[in-house]
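The numbers here are math on the coordinates, done by the rules we state, and not lab data. Keep in mind the model is a prediction, meaning the values are calculated, not measured. Here the Cβ positions follow ideal geometry from the backbone for every residue, glycine too, while neighbour counts run over all protein chains shown.
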Amino acid sequence: MDQMEGLAMQSKETSRRAFLKSAAVGLGALACGRGRMSAQNRAAKRPNIIFLLTDDQRWDTMGCMGNRIIQTPNMDAMAAGGVKFTNAFVTTSICATSRASVFSGQYARRHGIHGFARPFSDEAWAQTYPAQLKGAGYRLGMIGKYGVGKDQDFHKETFDYWKGIPGQPKYEHTDEDGNYKHLTKILGEQCVEFLQGCTQAQPFCLSVSFKAPHVQDGDPRQFIYDPAYKDLYKDAQIPVPRTASQSHFETLPAFLRDDKTEARVRWQMRFSTPKEYQESVKSYYRLITGVDVVIGKVRKELQRLGLADNTVIMLMGDNGFFLAEHGFAGKWYGYNESIRVPLLVYDPRLPKNLRGRSREEIALNIDVAPTLLSLAGVAVPQAMQGRDLAPLIRGENRPWRIDFLYEHFFDLRPKGATKSLIPKSEGVVSERYKYLRYIEEEPPYEQLFDLETDPFEEHNLVGQSNYERTVKALRIRCHQLRLQCQ
Ligand SMILES: [Ca+2]
């Protein structure tokens with residue numbers, strides 16, 4: 001089939017779905033009496049919010065997303081009692097930039113934070129979800145690796161409870177008696193401390209930014225898990241990804257195979273032998289299970305304090321993570337493993353029939369801020385570019401995005417080098433096709449993947465005559481999105 005025909009069919013299918021969705025919205029409006037009541041109820045008692053952000057957790061590292069090895073009973077319970085977004089992505093796959101997008105609801109193109117040192121200006125911070133919720137009377141808490149700008153530049157005054165950590169925190173700590181204490185456990189204790197300072201009278205928003213399962217950069221042990229979990233997964237055999245083969249690696253262009261690139265340097269440290277691969281993935285899983293245990297403790301404390309029935313908990317990853325796919329480690333590139341993240345929303349106010357559902361719409365890191373504001377009944381600032389996921393959480397249908405702009409401009413250049421050791425890229429991720437281009441190459445190196453027939457992104461279709469028109473259409477779409485997202 002001609003590829004443009006394919007695109008046209010896709011767009012026809014999209015209109016059909018949009019029609020069905022708007023018809024469903026129409027039907028929903030018929031029951032508007034009840035809708036208004038629930039809106040009033042929502043306004044009457046504003047929910048508490050806990051936003052949990054994991055660091056480098058990819059979408060498929062939870063039991064509820066089909067992983068049969070990892071143990072995440074508390075994440076699975078959140079999904080079973082709430083809503084699971086199965087197509088959640090980040091618009092830029094790196095800690096600082098993605099976190100800036102989470103806080104602001106904006107693409108990197110707009111917030112301009114492409115590296116680790118640049119902070120939010122006062123004006124920009126005023127438009128973020130913490131500042132907006134603070135203005136609306138919420139009690140604010142921040143725990144863990146906030147990841148944007150330097151310590152002295154962060155807007156700590158917004159928070160009533162501040163346990164933010166600048167830079168890349170260390171995993172290993174000792175308590176006052178000199179006993180070992182893992183960072184994830186400390187963050188969990190701080191969550192409990194924050195909750196114990198809350199009352200029914202004032203709603204709260206607690207943002208918890210775990211370091212786990214991010215590696216400890218500069219430490220040869222890399223994934224430093226709590227020794228309490230050392231026996232977990234000991235006897236498991238982690239399957240090797242199909243794209244981790246040498247034959248697939250050799251199909252990649254030379255600049256992506258370059259051993260000096262960060263994705264290859266880190267691959268060498270983590271995955272270069274089968275034994276290393278097994279140990280790295282198991283340790284990564286142990287770090288995630290550590291976070292899961294904290295979620296269980298937080299939920300138990302909410303119950304104990306009588307806050308559970310009115311506290312919405314959201315969990316997201318700040319970016320995905322290569323576990324040797326395509327011969328890479330780390331994230332940054334626009335491949336699925338790097339950009340796809342977990343996203344769960346547990347809302348105890350949901351009626352029983354709406355719990356345990358999956359939403360397949362494309363959800364993004366820039367949707368977090370407008371969603372949290374909407375849950376709190378606070379108007380979403382114009383500057384935010386993400387969409388409110390709350391209607392989807394409530395089981396409603398809305399016409400939804402079918403693509404988004406991917407962008408990655410972090411500059412890691414040794415002195416005198418002309419290119420970043422993390423090749424910069426941008427592109428369009430749509431439901432059917434993914435178009436990426438690496439902008440430092442001359443001419444830019446382009447990739448086109450048909451996600452329907454090639455879900456592992458093994459076959460670059462650029463250069464094939466029957467895809468020429470698709471590539472042209474996506475170049476235009478990329479240009480449009482770049483302009484729209486400024
Ligand atoms: Ca990260």
Lys and Arg at +1, Asp and Glu at -1: add these up for the other residues within a Cβ distance under 10 Å of LEU421 and post the number.
+1
Under unit Cβ charges (Lys, Arg +1; Asp, Glu -1), what dipole magnitude, rounded to 20 debye, does the chain have relative to its Cα centre?
1380
Per the C-alpha gyration tensor (a ≥ b ≥ c, the square roots of its eigenvalues), the range 383-486 is rounded if a/c is under 1.5, else prolate if a/b beats b/c, else oblate; here it's oblate
Restricting the count to DSSP beta bridges whose residues both fall in the chain, what percent are antiparallel, rounded to a multiple of 5?
50
Amide H neighbours of GLN106 under 5 Å, counting only residues 5+ apart in sequence or on other chains, H built in-plane at 1.01 Å?
GLN385
How many percent of the alpha carbon pairs in the chain exceed a separation of 29 Å?
49
What is the sum of charges around ILE224, taking Lys and Arg as +1, Asp and Glu as -1, for the other residues whose C-beta is under 9 Å from the C-beta of ILE224?
-1
Loop only per DSSP, at most 10 neighbouring Cβ atoms within 10 Å: give me the GluC sites (Glu not before Pro) in the range 158-218, ordered by residue number.
GLU176
Karplus-derived HN-Hα couplings along the range 447-458 (A = 6.51, B = -1.76, C = 1.60, θ = phi - 60°), whole Hz, x at Gly and Pro
10, 10, 10, 8, 5, 6, 8, 9, x, 8, 6, 9
Step through the residues of the range 226-231 one at a time and calculate ³J(HN,Hα) from phi using the Karplus curve (6.51 cos²θ - 1.76 cosθ + 1.60, θ = phi - 60°), rounding each to whole Hz and writing x for Gly and Pro.
5, x, 4, 10, 4, 8
The ³J(HN,Hα) series, computed from each phi in the range 429-445 with the Karplus coefficients 6.51, -1.76 and 1.60 at θ = phi - 60°, rounded to the nearest Hz and given as x for glycine or proline, is 9, 10, 4, 9, 10, 10, 10, 10, 9, 9, 7, 8, 6, 10, x, x, 8
Candidate lysines for bridging to LYS163, where Cα separation is under 22 Å - those fewer than 8 sequence places away on the same chain excluded:
LYS134, LYS145, LYS150, LYS181, LYS185, LYS211, LYS297, LYS300
Can you tell me the length gained on complete extension of the stretch GLN278 to GLU189, counting 0.36 nm per residue apart and subtracting the Cα distance?
29.0 nm
Please report the spacing between the Cα centers of the range 198-222 and the range 145-180 in Å, no decimals.
9
State log₁₀ I(q)/I(0) for the range 282-383 at q = 0.11, 0.13, 0.18, 0.21 Å⁻¹ as given by the Debye formula over alpha-carbon point scatterers of equal weight, solvent excluded.
-0.48, -0.67, -1.12, -1.28
Along each principal axis, Cα extent of the range 175-219, largest first, Å
45, 27, 10
Per-pair calculated FRET efficiency, R0 = 51 Å: GLU442 and ARG355 via Cβ, rounded to 0.05
0.45
Which trypsin sites (Lys or Arg not before Pro) in the range 85-178 pass both tests, a DSSP loop state and at most 12 other beta-carbon atoms within 10 Å?
LYS150, LYS170
Got the relative contact order for the chain handy, in percent, Cα pairs under 8 Å and 6 or more residues apart?
24
Describe numerically, in nm with one decimal, the distance between label points set 7 Å from Cα along Cα→Cβ at ALA126 and at ARG257.
5.4
